[in-house]
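Worksheet: the structure to be examined is printed underneath.
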Amino acid sequence: MQMIKEDCIFCKIAQKQIPSAIIYEDDNYLAFLDRNPMHPGHTLLIPKEHTDYIFDLNDEKLSELFIISKKVSQILKKATNCEKVGIAVEGFLVRHVHVHLVPLNNGDSLDPCLQKPAEQSELDSVYEKIIKSKEK
């Protein structure tokens, strides 16, 4: 049984209590589009088990998190035709380990001040591109 925290939005997303545009899922991890993207395709990768601080993960889970980050970044790069996928890890706004994977071009910034709510149509469009790129 995995630990979840009742008042954690990411635990609720992992438990499918809150809908999200999921682009990767396995038994232990979930990647979904950020509703407040820095750039189109901005994705969050979380462990399904609630952990507040990344360095509280054991070595195996920490390694898995970054291996899956690489897999998801390859999906994003293919779907968005970006030059690179930037990565950032934090955990203050939502106190659940999460990796930001952000498609970047020409030195685009990973500045969180760039985040703004996306229109549902924009999220749907990027989601469709990602899903189609995974099928190829």
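FYI, it's all coordinate maths here, none of it is from the lab. Since the model is a prediction, treat every value here as computed from it, not as a measurement. Positions of Cβ are generated from backbone atoms using ideal geometry, with glycine treated the same way; all protein chains shown enter the neighbour counts.
Numbers for the structure displayed
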item	result
FRET efficiency, Asp56 to Asp124 (Cβ-Cβ, R0 30 Å, nearest 0.05)	0.30
Partnerless Cys - the chain, beta-carbon criterion under 4.7 Å	Cys82, Cys113
Stretchable slack from Glu83 to Glu135, in nm (0.36 nm times residue separation minus alpha-carbon distance)	16.6 nm
The range 95-136: GluC sites (Glu not before Pro) falling in loop per DSSP and having at most 12 other Cβ within 10 Å	Glu119
Rounded to whole Hz, the Karplus (6.51, -1.76, 1.60) HN-Hα couplings of the range 66-75, x for glycine and proline	7, 5, 5, 4, 5, 4, 5, 5, 5, 4
Mean projected area in nm² (Cα convex hull; one quarter of hull surface) for the range 9-135	7.4 nm²
222 nm mean residue ellipticity, helices alone, for the chain (DSSP H n ≥ 4; -39,500 (n - 2.57); rounded to 500)	-10500 deg cm²/dmol
Sparse-neighbour loop sites [chymotrypsin sites (Phe, Trp or Tyr not before Pro); the range 22-65; at most 11 other C-beta within 10 Å; DSSP]	Tyr53
Trypsin sites (Lys or Arg not before Pro) within the range 1-92, DSSP loop, no more than 16 other Cβ atoms inside 10 Å	Lys5, Lys16, Arg35
